[in-house]
Amino acid sequence: MNGKEIERHLFIVFGATGDLMHRKLLPALYTLMTSGPLEGKSVILGVARGDEMNDEKFRAMAHKTLVDAGLLDDTGASAWCEKCIHYQPVDHGDAQDYTELKGRIEQIEHEHDIPGNRAFYMALPPQVFQPTVERLGEAGLNKSAGWTRIVVEKPFGRDLKSAQELNALLHRFYKEKQIFRIDHYLGKETTQNILFFRFANLLFEPLWNRDRIKSVQITVGEELGVESRAGYYEHAGALRDMIQNHLTQLMTLTAMEPPVAFDADAIRDEKVKVLRAVAPISPDDVVFGQYAAGQIDGETVPPYRKEHDVAPDSKTETFVALCLHVNNWRWQGVPFYLRTGKRLKRRMSQIVVDFHRPPITLFDSFEDFDDTINSNTLVMTIQPDEGFDLYFEVKSPGQPVKVKTKHFSFRYEHAFGKLAEAYQTLLLDVLQGDQTLFVRADEVETSWGIYTPIVENPPEPFLYSSGGWGPKEADRLVEVTGEEWIMT
Ligand code: NDP
Ligand code: BG6
């Protein structure tokens with residue numbers, strides 16, 4: 001976000017044969033390197049365990065990925081892969097492999113005239129972060145003649161203790177300003193816009209508090225099931241996979257105070273303050289669910305327990321709904337409902353800010369008037385159909401007197417065209433050394449402090465039909481305060 005000049009560098013991806021590299025990182029890097037700010041600045045070194053893989057095979061794999069992503073046609077592509085992509089096998093526990101890796105990095109830097117600037121990206125299963133960081137540090141790959149930065153994917157830890165241990169290990173080898181804990185929701189334009197919407201407009205800020213706001217609902221719904229990721233997901237579940245990171249980030253940006261400056265530390269200071277104000281979560285305020293069979297887009301889909309590599313008696317939650325209470329001056333008494341699930345009715349991420357109703361209904365004196373006056377709601381749509389909508393009440397013309405709910409709308413695509421992928425934004429920020437959209441050590445630990453009691457003592461998941469909005473018990477969660485889930 002800081003627009004700083006990007007120096008020539010080597011981009012080293014651990015886990016380069018994996019899903020994230022091929023679905024997100026490689027397409028983002030290719031786009032930035034061929035028609036964006038990384039043109040002529042970046043060289044990629046893929047690292048994975050396979051000895052049978054080599055430069056040639058890895059380039060062919062990358063080529064296929066880019067063709068499948070529609071970024072390259074089938075011809076003449078390899079020139080770019082040939083020039084910009086390399087591969088090095090590394091067994092994650094083997095110190096000798098790291099010495100060889102160091103030699104290979106220096107050789108590539110020499111060939112490409114790169115002045116020792118290195119970004120290491122951990123696109124690895126979470127259980128491999130720790131040994132990889134350790135080996136890198138021990139091999140002296142935590143510093144170089146230029147800058148060295150390390151990007152750590154989510155989930156960062158499994159609970160408070162493991163997050164603290166991973167932070168301590170990272171800090172043994174790296175300074176905090178070298179560490180980029182990634183949460184790709186922070187790279188979405190619509191997520192970044194929460195702060196611009198709030199602090200570049202005077203209209204809403206005076207209303208942004210318990211006097212005017214009744215509740216905030218944050219939903220991230222997915223149509224997809226676990227796909228081929230059961231190996232990871234069975235041990236993670238929706239709380240670790242989505243709530244602790246993506247939804248909590250959306251919550252802190254919605255709830256935080258204005259920062260003293262628009263810089264990484266000032267913003268993250270305010271986010272941490274929100275997390276510190278969150279009250280311990282009552283077990284009554286948490287609902288877990290797991291998808292059963294059902295219909296998605298007219299197709300019958302299997303239950304979670306019949307997915308590939310899922311235990312037939314799995315208790316892993318694929319759905320979570322919970323209520324957070326932020327005990328500070330601004331938000332006392334305003335419930336923040338967070339809800340996410342796989343195999344829901346449709347893909348939809350929204351923040352719904354629900355305002356109080358007027359204190360009295362003035363219109364009851366009109367003959368036959370029996371309309372309900374709805375509360376005003378502001379719906380910030382993170383994806384898809386990115387934008388926001390403000391719902392308000394109007395009188396319909398004529399007699400008898402009737403009130404209808406209408407809305408003002410803003411859609412990104414109409415105003416600006418297609419939005420860039422979150423990973424493009426975040427990779428550029430890493431290379432510019434801008435940590436604003438990355439998670440600080442104290443932030444990730446404070447967040448785990450909120451959720452660790454739940455992961456240590458998880459509730460039984462209720463089954464819900466695929467293609468719906470989760471178990472009915474989640475509806476009861478909001479009904480306690482006389483509300484319902486608001487969806488547009
Ligand atoms: P994968 O399961 O595809 O694993 C990535 C690579 O890591 C594999 O190709 C494999 O390469 C290597 N690997 C797997 N197991 C081990 C092991 N036990 N020891 C050493 N290396 C291993 O993961 P993803 O690419 O899906 O995810 C990577 C990270 O990114 C995770 O932390 C995930 O949470 C995060 N993430 C992923 C997203 C996605 O859409 N996939 C989205 C957001 C975050 P090889 O066997 O060749 O060494
Ligand atoms: C990832 C989770 O972090 O986010 C996945 O591991 C989830 O389970 C994905 O599907 C959702 O991301 P997006 O950008 O598609 O909403």
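Quick look at the numbers
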| quantity | calculated |
| --- | --- |
| Residue match in segment 62-73 (condition: closer than 28 Å to TYR232 by Cα, touching a strand residue (DSSP E or B) at 6+ places or on another chain (Cβ under 7 Å) and surrounded by 15 or more Cβ atoms within 10 Å (Cβ to Cβ)) | yes |
| Any hit, segment 239-261, residues being modelled with pLDDT of 95 or more, open to solvent by 20 Å² or more (accessible area, probe 1.4 Å), within 16 Å of ligand 1 (Cβ to nearest atom) and within 15 Å of the chain's Cα centre (by Cα) | yes |
| Pair list, Cβ < 7 Å and 6+ apart or interchain, from segment 261-276 residues that are within 17 Å of PHE199 (Cα to Cα) to residues that are surrounded by fewer than 18 Cβ atoms within 10 Å (Cβ to Cβ) and of a type in the set (A, V, I, L, M, F, W, C) | ALA266/VAL260 |
| Top-ranked residue of segment 128-158 - restricted to ones that are within 30 Å of ASN457 (Cα to Cα) and basic (Lys, Arg), ranked as farthest from ligand 1 (Cβ to nearest atom) | ARG158 |
| Filter pass, ALA145 being under 31 Å from the mean Cα position of the chain (by Cα) and of a type in the set (Gly, Ala, Ser) | no |
| Residue identified as under 25 Å from THR381 (Cβ atoms) and out of contact with any helix residue (DSSP H, G or I) (no Cβ under 9 Å at 6 or more places or on another chain) among GLY341, GLY289, GLY294, GLY333 | GLY294 |
| Condition met for GLY231 (out of contact with any strand residue (DSSP E or B) (no Cβ under 9 Å at 6 or more places or on another chain) and either within 16 Å of ligand 1 (Cβ to nearest atom) or within 27 Å of SER466 (Cβ to Cβ) (or both)) | yes |
| Selection from segment 129-146 of residues that are open to solvent by 20 Å² or more (accessible area, probe 1.4 Å) and either basic (Lys, Arg) or within 16 Å of ligand 2 (Cβ to nearest atom) (or both) | ARG135, LYS143 |
| Qualifying residue in segment 290-307 (condition: surrounded by 22 or more Cβ atoms within 10 Å (Cβ to Cβ), within 16 Å of ligand 2 (Cβ to nearest atom), of a type in the set (Ser, Thr, Tyr) and in a loop (DSSP other than H, G, I, E, B)) | no |
| Selection status of LEU38, away from ligand 2 (no atom under 16 Å from the Cβ) and buried (at least 21 other Cβ atoms within 10 Å of the Cβ) | yes |
| HIS184, sole failed condition from (1) more than 10 Å from ligand 2 (Cβ to nearest atom); (2) open to solvent by 10 Å² or more (accessible area, probe 1.4 Å); (3) within 15 Å of the chain's Cα centre (by Cα) | (1) |
| Only listed residue being at pLDDT 90 or above, away from ligand 2 (no atom under 16 Å from the Cβ) and surrounded by fewer than 20 Cβ atoms within 10 Å (Cβ to Cβ), chosen from LYS24, LYS102 | LYS102 |
| Tally, over segment 201-229, of residues that are under 19 Å from the mean Cα position of the chain (by Cα) and hydrophobic (A, V, I, L, M, F, W, C) | 5 |
| Test: ARG229 is of a type in the set (Lys, Arg), open to solvent by 10 Å² or more (accessible area, probe 1.4 Å), more than 17 Å from GLU257 (Cα to Cα) and within 16 Å of ligand 2 (Cβ to nearest atom) | yes |
| Within segment 198-211, tally of residues that are open to solvent by 10 Å² or more (accessible area, probe 1.4 Å) and either under 25 Å from GLN244 (Cα atoms) or touching a Pro at 6+ places or on another chain (Cβ under 8 Å) (or both) | 4 |
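The values are calculated or read from the model by the stated rules, or taken from the named source; none is laboratory data. Here the structure is a predicted model, which is why all the values come from computation and not from measurement. Here Cβ is always computed from backbone atoms with ideal geometry, including for glycine, and neighbour counts include all displayed protein chains. Side chains are part of the model used for accessible areas, which takes the heavy atoms of the whole protein and leaves out ligands, DNA and RNA. Shrake-Rupley method; radii C 1.70, N 1.55, O 1.52, S 1.80 Å.
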